[in-house]
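The values are calculated or read from the model by the stated rules, or taken from the named source; none is laboratory data. Fair warning: this is a prediction, and the values are worked out from it, not measured in the lab. Reconstructed Cβ throughout: ideal geometry from the backbone, glycine too, with neighbour counts over all protein chains shown.
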């Protein structure tokens, strides 16, 4: 009989059906790194969203044959060790095709129209004490005819591009050929940084992409451009971003991710009290619809693996 263990059930706010095969099921709301081995003892299938499963743990889990990641990103899993030990790893595909691009544009619109600043003004009594029907303390910009530069041409980058085109924006993709979609032309990354009014990140976190946006890139960008990151926190050098915002090198930023989450030890972005910076707590993916789609696909991945018809394997 299979033993299935979900290490961080609290990370998924959706109904999770049980697998269709005979099994023992155990779930934990949260799991600390030093609890992984004990909780996965005897497990044949591990389910994790953000709990790391590294080589030192895998070496103590001889029964494990599948790690089902409850997310698209799988940087919490030691893939090399899994390959060595012939442990399969499956992830989730295409569940956030609507919710992440929509959150991206929620951040873009809030920043380009200065919604946070105007809301704060109203709460502070500025409108109530004004002598005319409106005031223009903060700049408001339309999106039509503006240029958005997208790093990452997967389904989320493409989804963001479709919304942008609906607003009448010009779209530039900075990514590696060959293209994943028809009609997509690539532009040199430096040119994308120079020409774009908005930069939106939708690429995975790898050794080559870590901190690939930093001071050098901020110097290239327009001084009124905004940077959106709904991908991974490690893509951007956070200390450099603080400097860029404080010194007016760029026009603003909207982030849904940090390098370390949750930021229990603090983070320089948490200290920013600027109207042109918005930080949300890694919820771009978390619409009700997207979470249920994820939960259903998660168990599909487990069921199909046991049936000998695995899908969405990264190892």
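So, in the stretch 256-285, of the ones that are crowded, with 19+ Cβ neighbours inside 10 Å and in contact (Cβ under 8 Å) with a residue 60 or more places away in the chain, which residue ends up nearest to residue 219 (Cα to Cα)? Filtering first and then ranking leaves 276. I'm trying to understand the selection: among the residues of the stretch 146-160, which are over 20 Å from the mean Cα position of the chain (by Cα) and part of a loop (DSSP other than H, G, I, E, B)? Correct list: 146 only. When residue 163 is tested against (1) assigned to a helix (DSSP H, G or I); (2) closer than 27 Å to residue 269 by Cα; (3) within 20 Å of the chain's Cα centre (by Cα), only condition (2) is not met.
Looking only at the stretch 195-202, decide whether some residue is surrounded by 14 or more Cβ atoms within 10 Å (Cβ to Cβ), in a helix (DSSP H, G or I) and modelled with pLDDT of 95 or more. Among the residues of the stretch 195-202, at least one is surrounded by 14 or more Cβ atoms within 10 Å (Cβ to Cβ), in a helix (DSSP H, G or I) and modelled with pLDDT of 95 or more, which makes the answer yes.
Give the stretch 45-66 a look and list any residue that's in contact (Cβ under 8 Å) with a residue 60 or more places away in the chain and either under 15 Å from residue 81 (Cα atoms) or out of contact with any strand residue (DSSP E or B) (no Cβ under 7 Å at 6 or more places or on another chain) (or both), or say none. Spell out how you get there, then give the answer.
Going residue by residue through the stretch 45-66, those that are in contact (Cβ under 8 Å) with a residue 60 or more places away in the chain are 45, 47, 50, 63, 66.
Within the stretch 45-66, 50, 63, 66 qualify.
Against the conditions (1) touching a residue at least 24 places away in the same chain (Cβ under 8 Å); (2) under 27 Å from the mean Cα position of the chain (by Cα); (3) part of a loop (DSSP other than H, G, I, E, B), residue 42 satisfies every one except (2).
Tally up the residues in the stretch 238-255 that are in contact with a strand residue (DSSP E or B) (Cβ under 7 Å, 6 or more places away or on another chain) and in a loop (DSSP other than H, G, I, E, B), please. Of the residues in that region, 2 qualify. For the stretch 10-39, a residue qualifies if it is farther than 13 Å from residue 294 by Cβ and part of a helix (DSSP H, G or I), and the qualifying residues are 10, 33, 34, 35, 36, 37, 38, 39. Restricting attention to the stretch 72-88, the residues being at pLDDT 95 or above, closer than 27 Å to residue 17 by Cβ and crowded, with 19+ Cβ neighbours inside 10 Å number 3.
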